[in-house]
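Before any comments, here is the structure.
The values are calculated or read from the model by the stated rules, or taken from the named source; none is laboratory data. Just so it is clear, the structure is predicted and the values come from calculations on it, not from any experiment. Don't worry about glycine lacking a Cβ; one is built from the backbone with ideal geometry, like all the others, and counts go over all protein chains shown. Surface accessibility is based on the protein's heavy atoms, side chains included, excluding ligands, DNA and RNA. Shrake-Rupley method; radii C 1.70, N 1.55, O 1.52, S 1.80 Å.
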Amino acid sequence: MDPVALQFLPYPHVFRGERRDGIHIPWPDRCGSCNRQCESAASSGVGLCSYGLNYARIDDDLLVAGVVARDYPTHLAAHKRMIKKLGKKTIVLTDLRAVIDAASAADARFASEVDDAKRAIIEEYKTSAGYLDDIVQALRPDVQRSLAQVHDYRQLITQIVQNVNVIVETSEPGTEFEVALSSAAPELRAIYWAARLLESKLEAALYLMYPEKIDDPKSKKNFRLHGLVTKYSRIYGSTFQSKDLKVVTAGGSWGSLHANPDAVGVIPHAFLDNAAKYAPPGTTITLWFAEDEEHITFEVESFGPPIRPHEFTQVFDLFFRGEAAQAQSVEGTGFGLALASHIACVIGAQLSVNQGGRKGPDGTVITSFTAVFPKGPLSA
C-alpha cells in the first residue's frame, strides 16, 4: 500500500497493526476497549462487528474500520444504536465502497510501481559484470565439495575415450581415426560419443568454478567459429541420430575469433544441447552462420516449447526453465544457457532468443538462439 495515499483516507483504518484516524472520521470511543474483531477478519467484503460498526479489509496490510453505514442490511440492535449515537458521522455503503475501491486501486498502482522498480533493478544487476560472479561466489562452497567427483569423472571419461581409440586404431591400423570410427560397431561409436559429450559438459561446468579462466590471456588464440561448432555438432551427432533429427548448415563465416576456444565453445554447446533436448523427433535443426566486417553470427534454429512473453528476459538466468519446458518429460537444470550468457558477457558477445510464428509438432514453435561475436584482431 502506498503510504502517501493513506494520508488522505477519510475513515479510520488499521495499517500494519497501527490504528490511525481518518481525515474526516476518527476512531469511535467504543473501539478503544474492544477485542478488535475487525482485525481478525479475512473477508474482503463489508463486515459488521458485534458493537454495530462496519469494517472492510483491503489487503493484508490495510483494514478500514470504525465506521457505521446506516444502510447496511442488518437487524443487529447494536448497529441501530450506533446509527443513533453517531448521527451525522454515519456514512452510506456507496461512500464506503468508493473508498474501498480507491484504496484498492492505489494499492494496485503502488504494487505495480514497486514491481516495475524491482524489475528495473534486477535487470540492471543482471547485465552487470558482477551478476554471475556473485552467483559463483554463492555456489562456490557447493561446487568445491563436488569438485573431487568432477575430476574423478573426467579421469574416468578420459580412460573410456582412450580405450575406444586403442580399439578403433587397432582394428584398422593406418586409417584416420574418425574414418575408422565411422565403420566401428554402433555400440562402440555410442560409447565414444557419449563419453565425449559428458566430457564437454564437465569441462563447461569448470568455468563456473574457475570463471577467471574464461578470459585467460594464455588460453586465447585465433580460431574459426565454424570449425568449433562443427566439433560440438559431431559430439551431439549420436544424440541427434537417436531422435532422427536432421542437422543442416546455412550461410558461412571465414573470419577468426580471438578468445579462449574452450570457453567460447560453451555457447554453441549450450545452444545445441537445448535443441537436442527439446526438438521433436524427425524435425530439422538449422545451424546458421553470417559475417560482416566486425562480427560473426551463429544461430541454432529448431522447434522448441513455447516461451511465455514474461519468460524471455529470464531464459539466460541460472536455473531458470520455462513453464512449457518443465511440462515436458525432459531433464534439465537451467545451467547451460546461464553459463553461456556469462561467458558471452566476459568476451563481449551478445546472446538472444526469438520465437517465430511457425508451429511444429506437439505444440512446439520455431525457436532461434543467436550469438553475435566480435571478430579477433587477426581476422582480416
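With at pLDDT 90 or above, part of a loop (DSSP other than H, G, I, E, B) and within 16 Å of Val68 (Cα to Cα) as the only criterion, which of Gly52, Gly22 stands out? On inspection, the qualifying residue turns out to be Gly52. Selection within segment 241-284: residues that are aromatic (Phe, Trp, Tyr) and open to solvent by 10 Å² or more (accessible area, probe 1.4 Å). The member of this set that is nearest to Val353 (Cα to Cα) is Tyr278.
Scanning segment 55-72 for residues that are aliphatic (A, V, I, L, M) and within 46 Å of the chain's Cα centre (by Cα), we see that the one that is most open to solvent (accessible area, probe 1.4 Å) is Ile58. Checking each residue in segment 1-19 for being touching a His at 6+ places or on another chain (Cβ under 8 Å), at pLDDT below 85 and either outside any helix (DSSP H, G or I) or open to solvent by 20 Å² or more (accessible area, probe 1.4 Å) (or both) picks out no residue at all.
Checking the structure you have, find out if any residue of segment 295-309 is free of Cβ contacts under 8 Å to residues at least 60 places away in the same chain and touching a strand residue (DSSP E or B) at 6+ places or on another chain (Cβ under 9 Å). Looking for residues that are free of Cβ contacts under 8 Å to residues at least 60 places away in the same chain and touching a strand residue (DSSP E or B) at 6+ places or on another chain (Cβ under 9 Å), one finds at least one in segment 295-309, hence yes. Could we say that Leu287 is within 23 Å of Thr230 (Cβ to Cβ), surrounded by 19 or more Cβ atoms within 10 Å (Cβ to Cβ), at pLDDT 90 or above and in contact with an Asp or Glu (Cβ under 8 Å, 6 or more places away or on another chain) here? In short, yes. Taken over segment 164-179, the criterion of being hydrophobic (A, V, I, L, M, F, W, C) and either modelled with pLDDT of 80 or more or touching a Gly at 6+ places or on another chain (Cβ under 8 Å) (or both) is satisfied by Val166, Ile167.
Taking the criterion of being among the hydroxyl-bearing types (Ser, Thr, Tyr) and not in a loop (DSSP other than H, G, I, E, B), the residues of segment 280-316 that qualify are Thr284, Thr286, Thr297, Ser302, Thr313.
Residues to consider are Phe312, Phe320, Phe316; find the one that is out of contact with any Gly (no Cβ under 6 Å at 6 or more places or on another chain), hydrophobic (A, V, I, L, M, F, W, C), modelled with pLDDT under 90 and open to solvent by 40 Å² or more (accessible area, probe 1.4 Å).
Only one candidate passes the filter, namely Phe312.
Of all the numbered requirements in (1) surrounded by 18 or more Cβ atoms within 10 Å (Cβ to Cβ); (2) in a helix (DSSP H, G or I), Ile83 misses one, and that requirement is (1).
Taking residues in segment 169-192 that are in contact (Cβ under 8 Å) with a residue 40 or more places away in the chain, and partners anywhere that are among the hydroxyl-bearing types (Ser, Thr, Tyr) and surrounded by fewer than 13 Cβ atoms within 10 Å (Cβ to Cβ), the pairs with Cβ atoms closer than 9 Å and at least 6 places apart or on different chains are Arg189/Ser182; Ala190/Ser242. Within segment 349-371, the set of residues being open to solvent by 40 Å² or more (accessible area, probe 1.4 Å), in contact with a Phe, Trp or Tyr (Cβ under 8 Å, 6 or more places away or on another chain) and at pLDDT 90 or above comprises just one member, Ser352.
Confirm whether Val264 is in contact with a helix residue (DSSP H, G or I) (Cβ under 6 Å, 6 or more places away or on another chain), in contact (Cβ under 8 Å) with a residue 24 or more places away in the chain and closer than 30 Å to Arg321 by Cβ. In short, no. Residue count for segment 182-200 satisfying the condition of being within 30 Å of the chain's Cα centre (by Cα), open to solvent by 40 Å² or more (accessible area, probe 1.4 Å) and more than 22 Å from Ala259 (Cα to Cα): 3. Taking the criterion of being surrounded by 13 or more Cβ atoms within 10 Å (Cβ to Cβ), at pLDDT below 85 and of a type outside the set (D, E, K, R), the residues of segment 25-42 that qualify are Cys34, Gln37, Ala41. Would you say Glu203 is open to solvent by 20 Å² or more (accessible area, probe 1.4 Å) and either within 13 Å of Asp273 (Cα to Cα) or at pLDDT 80 or above (or both)? Spelling it out, it is not the case that Glu203 is open to solvent by 20 Å² or more (accessible area, probe 1.4 Å) and either within 13 Å of Asp273 (Cα to Cα) or at pLDDT 80 or above (or both).
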